[in-house]
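The values are calculated or read from the model by the stated rules, or taken from the named source; none is laboratory data. Being a predicted model, the structure only gives us computed values, none of them experimental. Using ideal geometry, Cβ is built from the backbone for each residue, glycine included, and neighbour counts are taken over all protein chains shown. Remember, those area values only see protein heavy atoms, side chains included, never the ligands or the DNA or RNA. Shrake-Rupley method; radii C 1.70, N 1.55, O 1.52, S 1.80 Å.
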Amino acid sequence: MSQVSCSSQRRCNCGMIANKFTSTTPSNPGRKFFKCPRFKRSSCGYWQWEDEECFESFVGKLMLPLNAFKNERDKLKEEIVALQGIH
């Protein structure tokens with residue numbers, strides 16, 4: 001299985017490189033996250049856990065071959081229906 005690489009940099013919705021922080025909360029100790037580098041009142045509101053994007057990227061890469069199999073299955077079903085119509 002191919003490995004998923006996640007960029008160590010993110011761009012916020014402003015197009016700026018997001019700042020990376022480490023959570024110190026009891027519910028997410030040590031968890032990395034990114035947020036817009038602008039101050040609150042001018043911030044675009046971008047905020048994301050580092051590991052969530054990696055997970056989404058991994059799932060997305062798994063979906064590509066699955067979708068290819070589904071498309072192939074659908075084509076084969078159409079061919080079967082067409083062949084049944086001939087007989």
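The numbered conditions (1) part of a helix (DSSP H, G or I); (2) modelled with pLDDT of 75 or more; (3) closer than 30 Å to Thr25 by Cα are all true for Gly45 except (1). Only a single item in (1) at pLDDT 85 or above; (2) within 14 Å of the chain's Cα centre (by Cα); (3) part of a helix (DSSP H, G or I) is not met by Ser57, and it is number (1).
Results for (1) under 23 Å from the mean Cα position of the chain (by Cα); (2) at pLDDT below 90; (3) closer than 27 Å to Ser8 by Cβ; (4) not β-branched (Val, Ile, Thr), shown as yes or no for each residue.
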| position | (1), (2), (3), (4) |
| --- | --- |
| Thr22 | yes, no, yes, no |
| Phe33 | yes, no, yes, yes |
| Cys36 | yes, no, yes, yes |
| Phe39 | no, no, yes, yes |
| Glu53 | yes, yes, yes, yes |
| Lys61 | yes, yes, yes, yes |
| Lys77 | no, yes, no, yes |
| Gly85 | no, yes, no, yes |
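In the range 7-18, the residues that are open to solvent by less than 60 Å² (accessible area, probe 1.4 Å) form Cβ pairs under 6 Å with partners that are of a type in the set (A, V, I, L, M) and outside any strand (DSSP E or B), at six or more places apart or across chains, as follows: Arg10/Ala18; Cys12/Ala18.
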